[in-house]
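The values are calculated or read from the model by the stated rules, or taken from the named source; none is laboratory data. The model shown is predicted, which means the values in this text are computed figures rather than measured ones. As a convention, Cβ positions derive from the backbone with ideal geometry for all residues, glycine included, and neighbour counts pool all protein chains shown.
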Amino acid sequence: MLINAISASSFFYLAFVLLVKGRTTNRLANRWLAAFVIFVGFLQLGDALTISRTYFQYPHFYNVFDPFLFGIAPAFYWATFHFVQPSRRFYWQSLWHFIPCYLIFVLSIPAFLESKAEKLAVLKVLEEQGQVLEPVGMVIFALVFAQCLVYIFLSYRRILRHQQNLKQVSSSQEGTDLQWFIYFLNGIALLLLFWVVEITFYTNFLDGKMSWIYWLGTFYLGFYAIQQKEIYPFAPQELAEIEAIIEEKPLIPSIAPSVDEARKEQLLRLMESEKPYLDPELSLPKLAQLMQCSTHELSHLINQGFERNFYQFINTYRIEESKRLLQDQKLDHLNILAIGFEAGFNSKTTFNTTFKQMVGMSPVEFRKREFMV
């Protein structure tokens with residue numbers, strides 16, 4: 001019972017951390033994520049009250065947490081949705097996803113209105129039966145499991161799409177590609193698997209140690225939650241333009257607007273003279289300010305004029321700069337990470353991965369080959 005109570009309090013504390021984090025970073029997404037964590041905490045609290053037989057002292061609280069069971073998966077999905085949406089507006093349509101919660105609440109009203117004696121009788125029957133699920137319970141469990149699978153799939157799909165969309169507006173995906181959230185999602189999937197095992201085997205599995213896994217899960221989830229960065233740290237007008245760029249469908253070449261050659265030459269001169277790509281935080285709006293044009297106009301210029309997205313366009317210059325630095329024997333005292341930073345990258349992993357994709361070998365191999373020639 002104690003570990004269930006500790007686990008529940010840990011989830012509630014994690015929700016508090018997310019709400020505080022949401023005051024400055026990814027506000028609406030963190031609020032939805034806090035709701036998800038609170039709902040999971042309710043499950044652990046319900047288990048604690050059952051094991052401790054607290055419901056026998058306060059029977060009117062029995063089943064009060066049941067409606068939240070169907071809110072766990074949609075709350076997590078809407079957290080995902082708002083992490084990847086630049087506009088960060090509240091969508092009233094999201095409430096439709098909680099219809100199962102409303103239905104369970106309505107169906108539970110007669111049980112809520114039962115007398116203390118009636119509830120105690122039900123609790124005694126359930127205690128005598130042990131932890132064997134009745135057919136109705138099995139159906140509810142199957143529905144919750146299916147709901148979780150659907151929303152986990154939808155969340156994965158949105159994150160993967162976000163990682164592609166991000167390349168249209170950012171030159172670096174470190175910390176904003178929601179890779180940490182994929183780890184978070186993997187943790188949720190793993191906890192779901194443990195929950196299935198617990199429901200299937202009950203106390204015969206791991207001798208009641210499943211609650212320890214849930215408790216450790218709060219540390220896993222909390223570790224990644226507190227590391228998050230603002231996904232789209234732009235002004236409202238820039239966010240609107242970015243959302244339009246992301247949602248815009250690719251144009252057929254024959255009907256796409258023509259490229260302004262003068263603008264194209266201006267961009268090339270800017271890249272060569274001012275080298276804005278050396279800024280590791282360079283974004284499409286920031287480069288548009290240097291070009292004195294709209295974000296949407298610059299996006300079209302890069303996509304149509306150079307047949308690349310923003311991420312590819314900027315990192316091509318960074319790779320060429322890093323190659324120049326790697327070939328300079330006067331800089332052989334600099335390690336690979338320092339070379340990457342000098343060229344505008346903000347992490348060794350991103351530098352190595354991008355370099356190998358564009359050059360066909362790692363920076364270390366490239367340097368060795370150049371110095372051997």
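Can you tell me which of 230, 198, 238, 174 is in a helix (DSSP H, G or I), among the acidic types (Asp, Glu) and modelled with pLDDT of 80 or more?
Working: 230 fails: in a helix (DSSP H, G or I); 198 fails: modelled with pLDDT of 80 or more; 174 fails: in a helix (DSSP H, G or I).
Of the residues listed, the single one that is in a helix (DSSP H, G or I), among the acidic types (Asp, Glu) and modelled with pLDDT of 80 or more is 238.
For residues that are under 12 Å from the mean Cα position of the chain (by Cα) and of a type outside the set (Phe, Trp, Tyr), scanning just segment 19-35, find the one that is modelled with the lowest pLDDT.
Here the answer is 26.
Hey, among 72, 99, which residue is modelled with pLDDT of 90 or more, surrounded by fewer than 16 Cβ atoms within 10 Å (Cβ to Cβ) and not charged (D, E, K, R)?
Numbers: 72 fails: surrounded by fewer than 16 Cβ atoms within 10 Å (Cβ to Cβ).
Only one candidate qualifies: 99.
Inside segment 309-373, counting only helices (runs of 4 or more DSSP H) that do not spill past its ends, which hold 3 or more residues that are in the same structural domain as residue 296 (by TED's automatic domain parsing) and touching a Ser or Thr at 6+ places or on another chain (Cβ under 7 Å)?
Working: elements: 310-327, 336-343, 348-359, 363-372.
Where helices (runs of 4 or more DSSP H) fall fully within segment 309-373 and carry at least 3 residues being in the same structural domain as residue 296 (by TED's automatic domain parsing) and touching a Ser or Thr at 6+ places or on another chain (Cβ under 7 Å), they are 310-327, 336-343, 348-359.
Inspect all residues belonging to segment 315-335 and state whether any of them is crowded, with 17+ Cβ neighbours inside 10 Å and closer than 19 Å to residue 176 by Cα. First the steps, then the outcome.
Taking segment 315-335 first, the residues crowded, with 17+ Cβ neighbours inside 10 Å are 315, 317-319, 321-323, 325-326.
Filter once more, so that each one left must be closer than 19 Å to residue 176 by Cα: 315.
There is at least one residue in segment 315-335 that is crowded, with 17+ Cβ neighbours inside 10 Å and closer than 19 Å to residue 176 by Cα.
Would you say residue 62 is farther than 24 Å from residue 149 by Cα and buried (at least 22 other Cβ atoms within 10 Å of the Cβ)? Can you show your working first?
Details: farther than 24 Å from residue 149 by Cα: yes; buried (at least 22 other Cβ atoms within 10 Å of the Cβ): yes.
Yes.
Looking only at segment 333-359, how many residues end up being over 10 Å from residue 322 (Cα atoms), of a type outside the set (A, V, I, L, M, F, W, C) and within 31 Å of the chain's Cα centre (by Cα)?
10
With the condition kept exactly as written, say whether any residue in segment 285-295 is in contact with an Asp or Glu (Cβ under 9 Å, 6 or more places away or on another chain), more than 21 Å from residue 246 (Cβ to Cβ) and modelled with pLDDT of 90 or more.
Checked segment 285-295: at least one residue is in contact with an Asp or Glu (Cβ under 9 Å, 6 or more places away or on another chain), more than 21 Å from residue 246 (Cβ to Cβ) and modelled with pLDDT of 90 or more.
Residues are listed down the side, and each one gets a yes or a no for (1) surrounded by fewer than 15 Cβ atoms within 10 Å (Cβ to Cβ); (2) modelled with pLDDT under 85; (3) in the same structural domain as residue 243 (by TED's automatic domain parsing); (4) in contact with a strand residue (DSSP E or B) (Cβ under 6 Å, 6 or more places away or on another chain):
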{"residue": "161", "(1), (2), (3), (4)": "yes, no, no, no"}
{"residue": "165", "(1), (2), (3), (4)": "no, no, no, no"}
{"residue": "170", "(1), (2), (3), (4)": "no, no, no, yes"}
{"residue": "178", "(1), (2), (3), (4)": "no, no, no, no"}
{"residue": "187", "(1), (2), (3), (4)": "no, yes, no, no"}
{"residue": "192", "(1), (2), (3), (4)": "no, yes, no, no"}
{"residue": "202", "(1), (2), (3), (4)": "yes, yes, no, no"}
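Somewhere in segment 82-90, is a residue of a type in the set (D, E, K, R) and touching a His at 6+ places or on another chain (Cβ under 8 Å)?
Quick first cut of segment 82-90, residues of a type in the set (D, E, K, R) only: 88-89.
Add one more test, that the residue is touching a His at 6+ places or on another chain (Cβ under 8 Å), and what stays is 88.
Yes: segment 82-90 contains one or more residues that are of a type in the set (D, E, K, R) and touching a His at 6+ places or on another chain (Cβ under 8 Å).
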